[in-house]
Amino acid sequence: MKKLAIKAVNDFVIKFANVNGSGSASANTLFAKSILRMGVPVSPRNIFPSNIQGLPTWYEVRVTESGYLARRGGCDFMVAMNPQTWDKDVAEIEPGGYLFYDSTRQMPQSKFRADINVIGIPLTEIVNSAYNDPRQRQLFKNIIYVGALSALLDVEVAVIEQLIAEQYKGKEKLLPPNIAALHMGRDYALTHLDCNIGLKVKRADKVGDQIFVEGNSAAALGAVYGGATVAAWYPITPSSSLAEAFAKHCKKFRTAEDGKARYAIVQAEDELASIGMVIGAAWNGARAFTATSGPGISLMQEFLGLAYFAEIPSVIFDVQRAGPSTGMPTRTQQSDVLSCAYASHGDTKHVLLFPEDPYECFTFGAEAFDLADRLQTPIFVMLDLDIGMNERLCKPFEWDDKRQMDRGKVMTAEDLDAGKDFGRYLDVDGDGIPFRTYPGTHPTKGSYFTRGTSRDRYARYTEEGDAYVDNMQRLLHKFETAKEKVPQPIIHAAAHTTRFGAIYYGSTSPAMHEALDILRETGLHLDAMRIRAFPFSDDVLEFIAAHDDVFVVEQNRDAQLRTLLMTEGAISPAVLTPVLHYDGTPITARFIADEISQKLKLLHVAPLHSVSAKRVGGENK
Amino acid sequence: MTYLAKPKLHHPNLPRNKLGYTRRDYEGAISTLCAGCGHDSISAAIIQACFALDLPPHRIAKLSGIGCSSKTPTYFLGNSHGFNTVHGRMPSVLTGANLANRDLIYLGVSGDGDSASIGLGQFAHVMRRGVNMTYIVENNGVYGLTKGQFSATSDKGSKSKRGAVNADEAIDMVGLAMQLGATYIARSFSGDKEQLVPLIEGAILHQGAAFIDVISPCVAFNNHDGSTKSYDYVREHNEAVNFLDVIKFRDEITTQYAPGTLQEVVQHDGSILRLRKLHENYDPTDHIAAMNHLAESRARHEIATGLLFVNGEPADLHAAANTVSIPLNMLDDKALNPGSAALAKLNAALR
Ligand SMILES: Cc1ncc(C[n+]2csc(CCOP(=O)(O)OP(=O)(O)O)c2C)c(N)n1
Ligand code: SF4
Ligand SMILES: [Mg+2]
């Protein structure tokens with residue numbers, strides 16, 4: 001009986017099951033990048049449980065000529081390098097898929113499946129006979145499997161060689177042994193294995209000038225371009241690499257000729273101190289930020305209220321993970337929407353930005369500092385683990401050299417000498433935003449006392465109800481002003497007029513776009529709106545009003561953005577249908593499309609025109 | 001309405017300092033604290049010290065937490081920016097402010113509840129980071145603002161106004177600051193202006209983390225018999241180890257003292273801390289000896305006051321962060337932004 005074998009060119013999922021710390025990460029990235037260099041988009045994801053014995057990690061690469069960068073789900077080719085997770089890994093392979101493993105040690109037949117294709121290569125034996133040093137055995141084993149995979153999947157070896165050469169630029173001594181290891185694996189596969197398998201990579205031109213980068217690194221770069229000089233943070237997955245990337249970028253771009261730093265980074269004692277330092281620095285006229293995740297946001301609550309009320313520009317990068325508390329610390333979610341939007345006690349509301357990919361992590365990252373200064377309030381940049389900690393293909397970063405920092409309404413010594421009326425909480429031009437002075441501006445004018453307690457327009461302490469209400473109303477008005485200043489929503493109109501809409505945000509983007517294609521192919525048409533910020537602009541409300549039913553697609557349990565839409569837009573819950581994915585894995589197009597089509601079926605919506613169930617992205621069977 | 005502006009009428013004969021300011025120019029709004037509150041005396045001492053040091057008032061930033069003590073920055077230095085932060089977290093805000101502009105003088109004002117209870121963590125970390133500041137704890141052994149609960153500096157066995165006895169061990173802020181690496185550590189008493197003013201002056205001139213624990217009786221809740229933070233108790237148990245004269249850099253040295261009774265410490269900015277020894281063997285530059293002395297005097301129920309420790313050559317947070325000499329908040333686009341060419345290169349490396 002001929003075995004079932006998945007056949008696909010430039011459209012499959014390959015997963016690497018590794019042991020943490022075995023040096024596999026750089027080999028796996030090398031593999032993914034080599035496919036990119038062949039002009040074929042890939043979307044890799046790191047999966048790393050936080051506390052399972054044996055420290056397993058997985059690296060899942062979706063090879064996708066159509067450019068669908070969301071997680072597809074399922075696995076067509078498993079590189080099983082971790083004996084401890086063997087059973088789970090083998091079980092995960094799609095029927096007709098491939099299992100690639102180290103065949104040095106005999107495995108009992110019961111450890112395999114009849115419906116998959118097994119490719120064994122004696123990796124340990126190969127490295128043990130080629131190297132004596134245990135460290136070398138470990139490292140080169142990874143390169144050797146990349147070599148073998150290149151033979152099996154038709155990854156161009158010259159491309160891999162070129163990447164290795166780039167990696168070891170300046171350390172040329174390390175180049176030949178790596179190239180040798182690559183060929184060791186490749187040659188073994190070519191001579192000993194049947195490389196004529198069903199999955200292949202074929203050169204294409206679908207990558208263009210796109211870049212491949214992690215959202216955290218991009219956001220940190222945005223902070224550099226946004227003029228941030230002070231960063232205070234407390235380590236927490238998945239945000240730590242943002243602060244670390246800021247340090248790396250600053251070292252490169254912000255070191256003066258004499259070696260001095262044009263920035264200061266403090267690893268604080270906790271998140272309370274981190275946000276306190278940010279507030280102190282921003283009060284004093286520096287651009288400052290912190291990077292954290294949900295538990296950190298919880299700890300910052302009191303301070304965030306102070307920053308709102310005392311009108312301190314500050315930037316918070318929240319790289320969201322599954323909560324509550326340590327919940328699933330290494331899994332992704334969009335579950336801090338409400339805790340950030342209304343962070344703190346008393347009446348507070350905050351500006352949130354929702355980047356969809358590293359490109360927007362960079363642009364919003366920089367923009368956040370202008371917005372903070374302009375609006376004099378905390379700005380939250382809402383990343384999540386999925387975009388923060390994975391390399392993602394995106395548009396190249398852009399910067400206009402004519403652009404300058406917008407420091408907002410700051411009164412200078414000259415303004416004060418010219419007799420300008422300075423009231424720290426005085427709205428002079430109707431946008432709700434007052435002027436501020438930096439400490440130390442003028443010997444006799446413009447100083448004021450900042451406090452969380454209520455005060456009048458001239459910053460004088462008062463507990464008078466009228467003055468309190470006056471100030472709170474101005475803050476509300478300022479929030480209205482924010483609506484036009486924040487990134488506006490983007491509409492993807494359906495090809496056909498439709499009564500149905502979908503709202504989504506952040507890292508859901510690629511899955512949503514793919515889902516819209518799937519739905520369209522089955523004759524279901526939806527207008528889609530990607531929300532990029534809170535407060536919502538009027539366009540959002542108009543979009544909802546223009547549709548009978550709007551699906552709100554989110555990665556949390558409680559439909560948090562939907563709640564925000566209902567509360568802030570006075571929208572009836574009946575119009576907003578939640579589509580919720582919150583198991584900690586990134587949302588998939590299959591999930592969204594299934595949910596929406598099922599819900600539409602309940603609404604008795606007939607497909608506009610039936611298209612024969614065509615193969616859509618990811619369906620390989 | 002609790003804001004009372006002081007009339008700005010200057011008597012023509014009021015003495016002026018080198019900058020031409022009178023003492024009035026360093027004052028703030030009229031205090032709303034209880035009459036006789038120790039905190040008001042500390043405000044007066046701060047005003048005196050800033051006047052005497054010829055500091056431009058607007059170059060000082062005053063930060064505080066929450067409490068009666070933390071309210072006091074409203075009552076001094078009316079021409080300085082001030083920040084009344086949240087309870088126990090002033091140290092982090094001050095740290096951030098200091099990072100943003102290394103050229104201002106930072107004055108942190110706090111209470112024993114603010115710094116020893118809710119804010120103990122931040123107190124510890126601001127000291128170990130060596131933030132260049134003057135940090136004053138106005139220590140009354142109670143929560144004044146919330147009406148008289150014990151604080152973490154209340155001595156074990158001391159009695160509250162209502163007769164409750166404190167069963168918990170007291171936190172000694174000076175001892176903590178010693179361990180945590182503050183580089184200028186003093187203790188004084190709000191009722192002893194002569195001792196306190198020079199200690200504040202020395203702290204301001206000190207280019208590192210300077211901490212002053214000022215015992216400051218709360219007349220409303222902790223000035224009764226059985227309290228160890230009352231005016232009477234502190235006067236009886238006060239053991240000054242030295243008396244400080246601060247000689248600013250540039251000032252001429254005129255007075256002469258008998259050899260052996262005097263110790264001079266030259267600070268980084270050139271100022272000289274001249275100590276008249278009141279306790280013959282006390283050397284505030286000897287860290288270990290100072291710690292031993294403090295432990296001994298504590299065991300004897302004495303309150304050691306004076307300049308307890310100083311390191312004339314402190315390193316501060318900016319030294320550790322290796323920051324440029326120009327304040328970070330003054331760097332412009334050119335200094336901060338790598339520009340599009342650098343970005344293009346970066347893009348190329350990400351393909
Ligand atoms: C988070 C928080 N908890 C509690 C309070 C209430 N509170 C205000 S002042 C204070 C104690 C102040 O004591 P201390 O610092 O010793 O100042 P004092 O009034 O004695 O000068 C407390 C508990 C608060 N403002 N914030
Ligand atoms: S309650 Fe105590 S600390 Fe507060 S003002 Fe009155 S005397 Fe001072
Ligand atoms: Mg107190």
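The values are calculated or read from the model by the stated rules, or taken from the named source; none is laboratory data. Keep in mind it's a predicted model, so treat the numbers as computed, not measured. Cβ placement follows ideal geometry from the backbone for every residue including glycine, while neighbour counts extend to all protein chains displayed. Just so you know, the surface numbers come from the protein's heavy atoms only, side chains and all, with ligands and any DNA or RNA stripped out. Shrake-Rupley method; radii C 1.70, N 1.55, O 1.52, S 1.80 Å.
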Restricting attention to helices (runs of 4 or more DSSP H) lying wholly within the stretch B:20-135, give those where 3 or more residues are within 7 Å of chain A (Cβ to nearest Cβ).
B:90-100, B:120-128
Residues of the stretch B:284-307 satisfying the condition of being closer than 19 Å to B:Gln267 by Cα and open to solvent by 50 Å² or more (accessible area, probe 1.4 Å)
B:Thr285, B:Asp286, B:His287
Scan the stretch A:172-180 and tell me whether some residue there is over 13 Å from A:Leu152 (Cα atoms) and touching a residue at least 60 places away in the same chain (Cβ under 8 Å).
no
Scanning the stretch B:141-165 residue by residue, the ones that are within 16 Å of ligand 2 (Cβ to nearest atom) and in contact with a strand residue (DSSP E or B) (Cβ under 9 Å, 6 or more places away or on another chain) total 14
Out of all the residues in the stretch A:453-473, which are surrounded by 14 or more Cβ atoms within 10 Å (Cβ to Cβ), more than 12 Å from chain B (Cβ to nearest Cβ) and not polar (S, T, N, Q)?
A:Arg457, A:Tyr468, A:Asp470, A:Met472
Anything in the stretch B:209-242 that is touching a strand residue (DSSP E or B) at 6+ places or on another chain (Cβ under 8 Å), assigned to a loop (DSSP other than H, G, I, E, B) and closer than 22 Å to B:Leu308 by Cα? List them, or say none.
B:Ser216, B:Lys229, B:Val241
May I ask you to say which residue of A:Ala247, A:Ala286, A:Ala307, A:Ala273 is in a helix (DSSP H, G or I) and facing chain B (nearest Cβ under 8 Å)?
A:Ala273
Whether any residue in the stretch B:331-345 is open to solvent by 30 Å² or more (accessible area, probe 1.4 Å), among the polar types (S, T, N, Q), part of a loop (DSSP other than H, G, I, E, B) and without any contact (Cβ under 8 Å) to a residue 12 or more places away in the chain is what I want to check.
yes
Contact list please: Cβ distance under 8 Å, first residue in the stretch B:217-232 and more than 14 Å from B:Asp155 (Cβ to Cβ), second residue more than 12 Å from ligand 2 (Cβ to nearest atom) and of a type in the set (Gly, Ala, Ser), pairs at least six apart or on different chains.
B:Phe221/B:Ser160; B:Tyr231/B:Gly191
Could you grab me the full set of residues in the stretch B:288-330 that are in a helix (DSSP H, G or I) and among the polar types (S, T, N, Q)?
B:Asn292, B:Ser297, B:Asn329
Got a sec? Which helices (runs of 4 or more DSSP H) wholly within the stretch A:119-231 have at least 1 residues that are among the basic types (Lys, Arg)?
A:134-153, A:175-192
Criterion (of a type in the set (A, V, I, L, M) and more than 14 Å from every other protein chain (Cβ to nearest Cβ)) met by exactly one of B:Ala341, B:Ala299, B:Ala320
B:Ala299
Specify which of the listed residues (A:Gly276, A:Gly305, A:Gly323, A:Gly280) is surrounded by fewer than 22 Cβ atoms within 10 Å (Cβ to Cβ) and either in contact with a His (Cβ under 7 Å, 6 or more places away or on another chain) or closer than 29 Å to A:Val410 by Cβ (or both).
A:Gly305
Of (1) closer than 17 Å to A:Leu182 by Cβ; (2) surrounded by fewer than 17 Cβ atoms within 10 Å (Cβ to Cβ); (3) not β-branched (Val, Ile, Thr), A:Gln109 satisfies every one except (1)
Residues located in the stretch B:77-111, provided they are within 17 Å of A:Thr437 (Cα to Cα) and within 16 Å of ligand 2 (Cβ to nearest atom)
B:Asn84
Being within 15 Å of the chain's Cα centre (by Cα) and of a type outside the set (A, V, I, L, M) is the filter; apply it to the stretch B:52-70 and report the residue that is nearest to ligand 2 (Cβ to nearest atom).
B:Ser69
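Yes or no, residue by residue, for (1) touching a residue at least 60 places away in the same chain (Cβ under 8 Å); (2) closer than 30 Å to A:Ser43 by Cα:
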| site | (1), (2) |
| --- | --- |
| A:Met472 | yes, no |
| A:Ala493 | no, yes |
| A:Thr508 | yes, yes |
| A:Asp517 | yes, yes |
| A:Met529 | no, yes |
| A:Asp539 | no, no |
| A:Asp549 | no, no |
Kindly list, by first and then second residue, each pair from a residue in the stretch B:141-154 that is within 14 Å of chain A (Cβ to nearest Cβ) to a residue that is within 10 Å of ligand 2 (Cβ to nearest atom), limited to pairs with Cβ atoms under 7 Å and residues at least 6 apart or on different chains.
B:Leu145/B:Gly67; B:Leu145/B:Cys68
Condition check: crowded, with 24+ Cβ neighbours inside 10 Å and within 25 Å of B:Asp40 (Cβ to Cβ). Does B:Thr228 satisfy that?
no
Give the residues of the stretch B:112-140 that are under 19 Å from B:His318 (Cβ atoms) and either open to solvent by 20 Å² or more (accessible area, probe 1.4 Å) or within 16 Å of ligand 2 (Cβ to nearest atom) (or both), sorted by residue number.
B:His125, B:Arg128, B:Arg129, B:Asn132
Members of the stretch B:186-220 that are surrounded by fewer than 24 Cβ atoms within 10 Å (Cβ to Cβ) and within 13 Å of ligand 3 (Cβ to nearest atom):
B:Val219, B:Ala220
Please find, within the stretch B:141-185, the residue that is farthest from ligand 3 (Cβ to nearest atom) out of those that are open to solvent by 20 Å² or more (accessible area, probe 1.4 Å) and in a strand (DSSP E or B).
B:Val165
B:Glu252 fails exactly one of (1) under 30 Å from B:Asp54 (Cα atoms); (2) of a type outside the set (Gly, Ala, Ser); (3) loosely packed, with under 12 Cβ neighbours inside 10 Å; (4) modelled with pLDDT of 90 or more, namely (4)
Every residue in the stretch A:473-499 that is of a type in the set (A, V, I, L, M, F, W, C) and modelled with pLDDT under 95, please.
A:Ala495
